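Reading through the structure tokens given below for one structure.
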Amino acid sequence: MKSRTLVRIVPSAGCPPTDHQTLVWDPERSIGTYNLYRGVLDSPAGYGDCEQQDLESETTEDSSQPPTGAGYFYLITASNRLDDEGTLGWDSVDAERPNSDPCP
């Protein structure tokens, strides 16, 4: 079984609720930067589109709202200091997720 990095959505502690989601993930020791991919759940369009790139820390915010009745999924990749982008991870049958449209 391959290791998987979980992207957590941190609930807002403020009241009233904020207009964004805070995303947090575990650090990868060998990285230079991270890329965030986002897609709509149950979409046949693959594993999401590049939403944010060259993130230097293990947290970011997303203020977008998914379509009515839908939700988002997020995937994170790490790029090393040579700018080689890592994998989008593995799916439920342990097959590597292809990245057909990597961040520029």
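Numbers at a glance
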read-out	value
Segment 27-43, residues that are in contact with a Pro (Cβ under 9 Å, 6 or more places away or on another chain), of a type in the set (A, V, I, L, M, F, W, C) and part of a strand (DSSP E or B)	Val40
Looking only at segment 38-68, and only at residues there that are charged (D, E, K, R) and within 10 Å of the chain's Cα centre (by Cα), the one that is farthest from Glu96 (Cα to Cα)	Glu51
Members of segment 59-95 found to be at negative phi and either in contact (Cβ under 8 Å) with a residue 60 or more places away in the chain or of a type in the set (Val, Ile, Thr) (or both), listed by number	Thr59, Thr60, Thr68, Tyr74, Leu75, Ile76, Thr77, Thr87, Trp90, Val93
Residue in segment 11-20 that is of a type outside the set (S, T, N, Q), at pLDDT 90 or above and surrounded by fewer than 16 Cβ atoms within 10 Å (Cβ to Cβ) present	no
Residue in segment 28-49 that is closer than 18 Å to Asp84 by Cα, touching a residue at least 12 places away in the same chain (Cβ under 8 Å), surrounded by 14 or more Cβ atoms within 10 Å (Cβ to Cβ) and among the β-branched types (Val, Ile, Thr) present	yes
Residue count, segment 74-104 (criterion: in a strand (DSSP E or B) and more than 16 Å from the chain's Cα centre (by Cα))	1
Condition broken by Gly71, with the remaining ones in (1) within 14 Å of the chain's Cα centre (by Cα); (2) surrounded by 13 or more Cβ atoms within 10 Å (Cβ to Cβ) satisfied	(2)
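The values are calculated or read from the model by the stated rules, or taken from the named source; none is laboratory data. Since this is a predicted model, take the numbers as computed values, not measurements. Positions of Cβ are backbone-derived with ideal geometry, glycine not excepted, and every protein chain shown enters the neighbour counts.
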